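First the structure, in the form of structure tokens, and then the observations on it.
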Amino acid sequence: MNLKYRKRRDRFELIKETLEIMKDFPDGARPTWIEARLIVPHARFVKMLSKLTSLGLLKEETYEKSSIYRLSEKGERLLSLMEEVEDYLKDPGAKEEKEKETGEGKV
């Protein structure tokens, strides 16, 4: 993939991608590892990492002079919901048919 032509991602996509990356590091990840996989400008990454941590989507643990970030339960739930929304937007009728088949969604 030519990074020169990578399309600009919106906030939803960046948050989802960050949470997906964090899933790949169940023992935690250093900020530089996350940033390298996410490929965003440093200032934007620092701001986003701080926001995700303050919202409780990531947990920060400090060891000596470095920080390790882990995906929190709240972050896992949000990622799951984001994936559902994304799937629904791709094919709105698919979820309704699945609910009919499984009997879910009835009150």
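For the pair residue 54 and residue 86, the difference between a 0.36 nm per residue extended length and the Cα-Cα distance amounts to 9.1 nm. In this structure the amide hydrogen of residue 72, modeled in the peptide plane, comes within under 5 Å of the amide hydrogens of 58, 59, none closer than 5 places in sequence on its chain. Shape summary of region 9-100, radius of gyration then Dmax from alpha carbon positions: 14.9, 53 Å. Do any of 16/90; 7/47; 16/74; 59/90; 7/90 go past 24 Å between their Cα atoms, and which? Going by Cα-Cα distance, 59/90 fall outside the 24 Å limit.
With a simple spin-label model that places each label point 7 Å from the Cα along the Cα-to-Cβ direction, the separation between residue 40 and residue 67 comes to 1.4 nm.
All of the numbers you see were taken from the coordinates with simple rules; none came from a lab. All figures in this text were calculated on a predicted structure; none of them were measured in a lab. Heads up, the Cβs are rebuilt from the backbone with ideal geometry, glycines too, and the neighbour counts pull from every protein chain shown.
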